[in-house]
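Colleague: Structure provided below as structure tokens; questions to follow.
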Protein chains: 2
Amino acid sequence: MTDRQQRHQRAMQKLKAHVDDKVAAADQQRGLLLVFTGNGKGKTTAAWGTVTRALGYGYRVGVVQFIKGLWECGERERLAADANLEVSIMATGFTWETQNRESDTAACQAVWQDAARLLADPEVYLVVLDEITYMLKFGYLDIDTVRQAIADRPPEQSVIVTGRNAHRELIEMADTVSEMQDVKHAFDAGIQARRGIDY
Amino acid sequence: MTDRQQRHQRAMQKLKAHVDDKVAAADQQRGLLLVFTGNGKGKTTAAWGTVTRALGYGYRVGVVQFIKGLWECGERERLAADANLEVSIMATGFTWETQNRESDTAACQAVWQDAARLLADPEVYLVVLDEITYMLKFGYLDIDTVRQAIADRPPEQSVIVTGRNAHRELIEMADTVSEMQDVKHAFDAGIQARRGIDY
């Protein structure tokens, strides 16, 4: 073995020992609360990636979409035939399309009923509350209601919250928080959103 | 309409005008290069979310996994039956499991041949180079080869690169870059990776 190979092997052994230690220290097993926030691309996309993953094992999954209801959505089409997936969509689209506080609040409260039911169902392994952060920001939903429903969920159930500016209380109670930061975005360079990639 | 409702409507109209302007300014339509990097959760997951999305429209997709070959993977199971999806996996697992520079380089070069073929195929709408950043970092692949293959790809093809510490040249040529930042991670609090959620 050359010197370079030996150095590489030692570095990799050290890295492996570090990872092995961390794996050994992780001894709890329960449902997780994950928050995907920040202004960059990938929040909803990562949530759908996790949905695909959970469905791959045959788990039941519920997705509640609080904002993107009027958009085409390839993921939904691709997975729609899966009997283990339930998707609820808020009846109005983006709030700046409707611009009516009262009807948006009513639509939000209606779809929240689906979320609350899913969050109480021990048969549901994963619940995605997609773009719910905006509902809290606009005051269409109150944080106490959401926090309580998440806290009281079945212990084996995982929850993913997505959206910019996640509420401080959600960040605090979360197990895992990733902030997707917008380093650059094609849209800002004049490139159109692309079918099958962006939506 | 109350004062509060009017204020809300004005704010939403302003937001809508801003979004409409940006949509009007975006007039290019072509394949994108997206980079999901950073040390947080969601890079590979967002890539698989996009794969699901593209398959949902019936597009052909190629995924090349440079590192996670020995792990279970719910997404792959869920989507494996899709005739439009091709997945290539590097023969060795994590490099700190194998700890042999020579065999890892050979395995990497072998799976890169699949990547190069996919990147040259105009029938493939999306190519995912999952965790390729580590191959560049360890020197198993060289940046010029990768940059050239991405630059020469068919104009309608999109590419997603995932992994920590994405190479400066990949960041520069990318259309969209999201950095997933690890705000907190369940694993660090002693919670085990969860089937169907983390893997």
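Colleague: For B:Ala17, which inter-copy label distances result when the label point lies 7 Å beyond Cα on the Cα-to-Cβ vector, reported in nm to one decimal and in ascending order?
Modeller: 6.4
Colleague: Among B:Thr44, B:Ala115, B:Val64, whose Cα projects farthest towards the positive end of the dipole of chain B, with charges put on the beta-carbon of Lys, Arg (+1) and Asp, Glu (-1)?
Modeller: B:Thr44
Colleague: According to the square roots a ≥ b ≥ c of the eigenvalues of the Cα gyration tensor, what is the shape class of the range A:32-189, taking rounded for a/c under 1.5, prolate for a/b larger than b/c otherwise, and oblate for the remainder? Don't skip to the answer; put the middle values down first.
Modeller: On the way: a/c = 1.23, a/b = 1.13, b/c = 1.09.
It comes out rounded by the Cα gyration axes.
Colleague: Specify the angular offset, from 0 to 90 degrees and rounded to the nearest 10, of the alpha carbon long axis of helix B:101-119 from the longest principal axis of the alpha carbons in chain B.
Modeller: So the helix axis and the longest Cα principal axis differ by about 50 degrees.
Colleague: Would you kindly find the accessible area of A:Glu156, with a 1.4 Å probe and non-protein molecules such as ligands, DNA and RNA excluded, rounding to the nearest 10 Å²?
Modeller: About 100 Å², rounded to the nearest 10.
Colleague: About its Cα centre, how strong a charge dipole does the range B:32-189 have in debye, to the nearest 20, once Lys and Arg get +1 and Asp and Glu get -1 at the Cβ? The partial results should precede the final answer.
Modeller: Details: 15 positive and 23 negative charges, 58 e Å.
Computed about the Cα centre, the dipole is about 280 debye.
Colleague: Oh, and also: Taking amide H positions as placed in the peptide plane 1.01 Å from N, state which residues far from A:Gln181 in sequence (5 or more) or on other chains have amide H under 5 Å from it.
Modeller: HN-HN under 5 Å from A:Gln181: A:Gly40, B:Glu179, B:Met180, B:Gln181.
Colleague: Treating the point 7 Å from Cα along Cα-beta-carbon as the label, what are the nm separations from A:Ala189 to the other copies, to one decimal?
Modeller: Copy-to-copy label distances at A:Ala189, shortest first: 3.8 nm.
Colleague: Multiply the residue separation of B:Ile171 and B:Val19 by 0.36 nm, subtract the distance between their alpha-carbon atoms, and state the gained length in nm to one decimal.
Modeller: Working: separation 152, 0.36 × 152 = 54.72 nm, distance 2.56 nm.
Contour length minus Cα-Cα distance gives 52.2 nm.
Colleague: Please compute the average number of Cβ atoms from other chains found within 10 Å of each residue's Cβ in peptide B:102-111. Each step should come with its number before you reach the end.
Modeller: Working: counts 4, 0, 2, 0, 0, 0, 0, 0, 0, 0.
Counting other chains' Cβ atoms within 10 Å and averaging over B:102-111 gives 1.
Colleague: Now a separate question. Other chains near B:166-177: what is the mean number of their Cβ atoms within 10 Å of each residue's Cβ?
Modeller: Working: counts 1, 0, 0, 0, 0, 2, 1, 0, 4, 8, 14, 8.
Averaged over the peptide's residues, the number is 3.
Colleague: Right, another one. First compute the accessible area of the protein assembly as shown with a 1.4 Å probe, then give the percent of it belonging to carbon and sulfur atoms. Before the final figure, lay out each step's value.
Modeller: On the way: 8210 of 17010 Å².
Carbon plus sulfur share of accessible area: 48 percent.
Colleague: Here is a further query. Every other copy gets compared here: list the nm distances from the B:Glu172 label point (7 Å along Cα to Cβ) to its counterparts, shortest first, one decimal.
Modeller: Between copies, matching label points for B:Glu172 lie 4.6 nm apart.
Colleague: Compute the Kirkwood hydrodynamic radius of the protein assembly as shown, taking the inverse of the mean of 1/r over all pairs of distinct Cα atoms, and give it in Å to one decimal.
Modeller: Working: mean 1/r = 0.0455 Å⁻¹.
So the Kirkwood estimate lands at 22.0 Å.
Colleague: Quick one: net charge around A:Ala24, please, counting Lys, Arg +1 and Asp, Glu -1 for every other residue with C-beta under 15 Å from its C-beta. Intermediate values should be presented prior to the final figure.
Modeller: Values: positive: A:Lys16, A:Lys22; negative: A:Asp20, A:Asp21, A:Asp27, B:Asp188.
It works out to a net charge of -2.
Colleague: State in Å² the accessible area per residue of the protein assembly as shown; use a 1.4 Å probe, count heavy atoms of protein chains only, and round to the nearest integer. Walk me through the numbers before you get to the answer.
Modeller: Values: 17010 Å² over 398 residues.
On a per-residue basis, 43 Å².
Colleague: Am I reading the B/A interface right? What is its buried accessible area, both sides, 1.4 Å probe, to the nearest 100 Å²?
Modeller: Working: alone 12500 and 12500 Å², together 17010 Å².
When B and A are taken together, about 8000 Å² of accessible area is lost.
The values are calculated or read from the model by the stated rules, or taken from the named source; none is laboratory data. Note that the coordinates shown come from a computational prediction; the quantities given were computed from them, not determined experimentally. No Cβ is skipped: glycine too gets one built from the backbone with ideal geometry, and neighbour counts run over all protein chains shown. All accessible areas refer to the heavy atoms of the entire protein, side chains included, with ligands and DNA or RNA removed. Shrake-Rupley method; radii C 1.70, N 1.55, O 1.52, S 1.80 Å.
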